[in-house]
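Written out below as structure tokens is the structure these notes cover.
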Amino acid sequence: MKILLSGTASDSHTWNLVYLRLFLEERGHDVVALGPCVSPSLLTAACRRHSPDAVVLSSVNGHGYRDASAAVRRLRAEPGLAALPVAVGGKLGAAGRSGEAEAAGLREAGCGAVLGDGADDLEALCAFLAAVRVAA
């Protein structure tokens, strides 16, 4: 699968993105990595340019909930990208792992998978991507 991997608008961290890129490539995925501090408009333009099978958003600065919500809502507003599968994970809230209310809000915005930052979450990401592949 072609995966578009991106940080969120306010997150300048990069090691999480390096790790995820290697993790996804080791599992046979073609990864287009945008890097940190990606605005919703840049993410949307990159999705149009690269036509990925799925998007993976990662955040570790604690603003992932807010940034991912904005990014996914922007994707969902675009006619050709409204159904593009999106997973978001990492430290999504300033207080640590997001609660069910935040996860529900991200799912409502259009995230197909809302993950934390643990080893189980990496397995959940793999399961999400496998389901996307089967659905395609």
Relative packing of 55-64, 122-131, which averages over residues the other C-beta atoms within 10 Å, highest first: 55-64, 122-131
Relative packing of peptides 37-49, 1-13 - highest average C-beta neighbours within 10 Å first: 1-13, 37-49
Cleavage-rule hits, trypsin sites (Lys or Arg not before Pro), the stretch 66-121, DSSP coil, Cβ neighbours within 10 Å at most 15: Arg97
Percent RCO, i.e. relative contact order, over the chain, from Cα pairs under 8 Å lying at least 6 residues apart: 24 percent
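Quick note: the coordinates plus some simple rules give every number you see, no bench work behind them. What you see is a predicted model; the values in this text were computed from it and never measured. Note that we place each Cβ from the backbone using ideal geometry, even for glycine, and neighbour counts take in every protein chain shown.
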